[in-house]
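A short worksheet on the structure shown next.
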Amino acid sequence: MNDCIFCKIINKEIPSVTIYEDDIIIGFLDISQTTKGHTLIIPKKHYENIYEIDEDTLAYIYKKVPKIACALKTAFKAKGMNVVNNNGELAGQTVFHFHVHLIPRYNEKDGFRAIYTNHMDKYSKEDLEKIAVQIRENFN
Ligand code: AMP
Ligand code: ZN
């Protein structure tokens, strides 16, 4: 992917502040620093999103998440940690090379917010069973 900004970071065509690197992934500071220490973990091989990435690569990324999350927690005395992966524009993906955000949390107004609206009143137990069937029917 020639015009992929994260491939360019991997190839060192554009600079990044790298905190972790091995044969398969790199971890580097997100330029936005939504909160102090905000880090991205990406595979060196280009995959656009969660639908494309191969299982072993994804497993490897998440295998390394605790190590990096613990380092961030210790370094900055973070009180929480959001581990986030956006897929598709509607979900907030702006760079189409798979990545996992590690966002250390310090307080309720530190710059990151995830809102989970409760729609329990709109779904009966039967609705949930129907939803589950639809999902199960689509496993490959
Ligand atoms: P997402 O919105 O989930 O696709 O996240 C993409 C992230 O990449 C954003 O948080 C950006 O701040 C970050 N980003 C974009 N360009 C760079 C760059 N050159 N170096 C570091 N982070 C970047
Ligand atoms: Zn890429």
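The dipole here belongs to the range 1-72: it is taken about the Cα centre, uses +1 on the Cβ of Lys and Arg and -1 on the Cβ of Asp and Glu, and is about 360 debye.
The count of lysine pairs in the range 60-140 with alpha-carbon distances below 18 Å, taking only pairs 8 or more places apart or on different chains, stands at 8. Panel order for LYS122, LYS36, LYS63, by other beta carbons found within 10 Å of each beta carbon, from fewest to most: LYS122, LYS63, LYS36. About its Cα centre, the dipole of the chain is roughly 780 debye, where the only charges are +1 on Lys and Arg Cβ and -1 on Asp and Glu Cβ.
Grab the DSSP H runs of the chain that are 4 residues or longer, score each as -39,500 (n - 2.57), total them, divide by all residues and round the 222 nm result to the nearest 500 deg cm²/dmol.
-9000 deg cm²/dmol
Sorting the segments 22-28, 41-47 by their mean number of nearby beta carbons within 10 angstrom, highest to lowest, gives 41-47, 22-28.
Computed over every Cα-Cα pair of the chain and binned at 10 Å starting from 0, the pair-distance distribution P(r) comes out as 10, 34, 32, 18, 6, 0 percent.
Helix 55-76 and the longest principal axis of the C-alpha atoms of the chain enclose an angle of approximately 70°. Across the range 5-115, the mean sequence separation of Cα contacts (distance under 8 Å, 6 or more residues apart), normalised by length, yields a relative contact order of 28 percent. Potential lengthening of the chain between CYS70 and HIS119 amounts to 14.3 nm, from the contour at 0.36 nm per residue minus the alpha-carbon distance.
Values in this text are rule-based calculations from the coordinates and carry no lab data. Only a predicted model underlies this, so the values are computations on that prediction, with no experimental measurement involved. Here the Cβ is made from the backbone with ideal geometry for all residues, glycine too, and neighbour counts use every protein chain on show.
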